[in-house]
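The values are calculated or read from the model by the stated rules, or taken from the named source; none is laboratory data. What you see is a predicted model, and the numbers here were worked out from it, not measured in a lab. Methodologically, a virtual Cβ is constructed for each residue, glycine included, from the backbone with ideal geometry; neighbour enumeration extends over all protein chains shown.
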Amino acid sequence: MLHRPALLSAIAATLLATPALAQKQADLVISGGTIYDGSSPTPITGDVAILADRIVYVGPSAANPYAGKRTISAKGQIVAPGFIDPHTHADAFFMGKTAQERLVLPWLMQGVTTIFTGVDGYGQPGGKVAVGKLFDHVKTNGVGLNLGTYVGFGAVRGAVIGEADRPPTADELARMKSLVATGMCEGALGLSAGLFYAPQSFAKTDEVVAVAREAARRGGVYDTHQRDESSYNIGVMNSTREAISIGQQAGMPVHFAHLKTLGVDVQGKAAELVSIIDEARAKGLNVTADQYPWEASGSALEPSLLPRWALDGGRPAMLARFADPAQLARIRTEMVENLRRRGGAQSLLLTRPGLPWSGKRLSEIAAIWGVEPVDAALRIIRESENGTAVVSFNMAEGDIKLLMQQPWVVTSSDGSAGHPRMYATFPQKYAKYVLQEHTISLADFINSSTGRTADQFRLQGRGHLRPGYYADVVVFDPATYRPRADYLNPTELTTGVTTLLVNGQLAIDGGKPTGTAAGRPIRHIPPSGSCD
Ligand SMILES: [Zn+2]
């Protein structure tokens with residue numbers, strides 16, 4: 001038994017020994033921050049130490065055995081895994097000609113370190129099935145963020161059948177399956193689909209199942225912008241059941257992209273949607289979703305307002321139908337109904353910059369031109385060679401909140417040009433739904449933007465702050481991390497991220513981008529033998 005003075009000297013010896021402990025060398029120590037590790041409901045205060053591209057320590061400062069070549073104080077700031085955005089239209093940035101574009105700053109400045117592209121069935125840029133080429137490009141040229149991608153059902157169908165409204169022949173189906181297999185074996189995360197969009201909308205359920213099986217047997221997920229998020233065709237509830245059944249028949253996880261109830265006919269019905277998914281999960285099916293924290297979606301006039309039969313054969317065939325008075329009358333009638341469904345002409349904000357209608361509601365344009373809103377829409381579609389872009393206000397706050405609170409929902413941006421979600425999704429969720437509305441806790445915000453996402457997609461070594469994991473780390477100031485972009489100024493970069501590490505390298509330092517392109521391809525590894 002120690003005498004009291006002996007006990008004190010033992011304590012003193014321990015204290016003196018602490019600096020001696022700190023003999024191990026790390027490249028960087030982020031010290032004294034409030035650490036959310038990506039899964040815990042509560043934070044700890046302490047250090048994160050980084051050596052090369054990995055985390056080597058997460059815990060209390062007093063027990064940190066590492067001294068950093070550099071130490072960054074994170075006192076009063078939040079330290080978390082870098083955010084993961086599983087649904088983006090960021091392809092153009094990754095393919096960008098300049099090093100600056102390839103930093104992908106709209107996302108980087110929000111604290112995002114990993115992004116998925118190839119979503120909605122579109123596949124790689126230009127609607128291609130080119131997973132391996134995209135990864136090669138990323139490796140050769142350098143990009144700011146880690147990148148995962150999908151092989152796209154639409155890209156596959158388009159390559160084989162074009163834009164026609166018909167089922168594939170047996171030979172065509174075999175070619176589609178082989179293209180999916182190729183994409184999976186080049187490292188795709190799974191098969192993405194956008195059955196809402198023509199020509200993907202022309203595919204029946206069994207065709208999708210047959211093609212999806214090729215992704216399933218190589219460990220892929222079925223990621224879906226579902227056939228109907230509203231009341232356009234089979235209705236959002238039946239559409240949700242269809243997607244679940246595709247996953248069940250193909251034998252693969254189902255992930256709903258940007259889950260929502262869109263438009264006046266289904267607003268307020270998120271609880272029914274949740275119960276359909278909960279029921280499937282209770283049966284043991286792997287069903288998850290992502291969601292963006294905005295009441296407006298981003299789309300185009302064509303899919304929002306035109307009937308699908310008018311798009312059969314692509315734009316030239318569509319324009320020919322516009323020129324035929326009988327067909328135009330039918331199109332107009334269906335457009336009036338689709339406009340009602342989405343909430344009227346006031347609910348559509350036209351966004352493609354540099355055009356006479358940019359920044360105006362469809363209702364305003366119709367008033368200026370002195371025509372009915374659907375005729376204004378038809379004129380804009382006719383005059384927009386490269387397609388239109390709209391922000392469409394069509395979701396109810398109660399639905400957004402209910403979906404956000406589900407334990408199987410993660411954050412996504414669906415980021416695309418013309419909508420502030422590309423620049424400000426993560427701070428928007430934090431500022432609006434954590435601080436202002438108290439819909440979710442800060443830990444929920446972080447977990448649903450990091451660890452839960454990584455776990456859903458089985459990303460190895462990412463999404464959590466744990467020793468041995470890749471050092472994708474965000475440090476943000478809780479008092480200044482805010483969205484600066486809004487619907488009228490959608491391209492303002494987010495502020496408030498003070499430090500960002502991508503694979504252990506500083507991408508943001510002192511609140512400013514460093515220009516370092518430390519992103520890597522995230523290749524899914526198919527089960528052995530499945531690509532022989
Ligand atoms: Zn989508």
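What the table below lists for this structure:
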item	result
Filter result for residue 86 (within 16 Å of the ligand (Cβ to nearest atom) and modelled with pLDDT of 95 or more)	yes
Conditions (1) more than 16 Å from the ligand (Cβ to nearest atom); (2) among the aliphatic types (A, V, I, L, M); (3) surrounded by 23 or more Cβ atoms within 10 Å (Cβ to Cβ); (4) assigned to a loop (DSSP other than H, G, I, E, B): number failed by residue 99	(3)
Any hit, the stretch 460-474, residues being farther than 24 Å from residue 56 by Cβ and surrounded by fewer than 21 Cβ atoms within 10 Å (Cβ to Cβ)	no
Lone qualifier among 80, 92 - being in contact with a helix residue (DSSP H, G or I) (Cβ under 7 Å, 6 or more places away or on another chain) and either within 16 Å of the ligand (Cβ to nearest atom) or touching a residue at least 12 places away in the same chain (Cβ under 8 Å) (or both)	80
Count of the stretch 131-185 residues which are hydroxyl-bearing (Ser, Thr, Tyr), out of contact with any Pro (no Cβ under 9 Å at 6 or more places or on another chain) and without any contact (Cβ under 8 Å) to a residue 60 or more places away in the chain	4
Tally, over the stretch 367-392, of residues that are surrounded by fewer than 20 Cβ atoms within 10 Å (Cβ to Cβ), small (Gly, Ala, Ser) and part of a helix (DSSP H, G or I)	1
Extreme residue, nearest to the ligand (Cβ to nearest atom), among residues of the stretch 149-194 that are under 22 Å from residue 453 (Cβ atoms) and surrounded by fewer than 24 Cβ atoms within 10 Å (Cβ to Cβ)	194
Meets criteria (of a type outside the set (D, E, K, R), part of a helix (DSSP H, G or I) and more than 16 Å from the ligand (Cβ to nearest atom)) for residue 143	no
Residue 212 being surrounded by 24 or more Cβ atoms within 10 Å (Cβ to Cβ), under 12 Å from residue 156 (Cα atoms) and more than 16 Å from the ligand (Cβ to nearest atom)	yes
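For (1) within 15 Å of the ligand (Cβ to nearest atom); (2) of a type outside the set (D, E, K, R); (3) modelled with pLDDT of 95 or more; (4) crowded, with 24+ Cβ neighbours inside 10 Å, each residue gets a yes or a no:
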{"residue": "235", "(1), (2), (3), (4)": "no, yes, yes, no"}
{"residue": "241", "(1), (2), (3), (4)": "no, no, yes, no"}
{"residue": "266", "(1), (2), (3), (4)": "no, yes, yes, yes"}
{"residue": "269", "(1), (2), (3), (4)": "no, no, yes, no"}
{"residue": "275", "(1), (2), (3), (4)": "no, yes, yes, no"}
{"residue": "280", "(1), (2), (3), (4)": "no, yes, yes, no"}
{"residue": "286", "(1), (2), (3), (4)": "no, yes, yes, no"}
{"residue": "292", "(1), (2), (3), (4)": "yes, yes, yes, yes"}
{"residue": "295", "(1), (2), (3), (4)": "no, no, yes, no"}
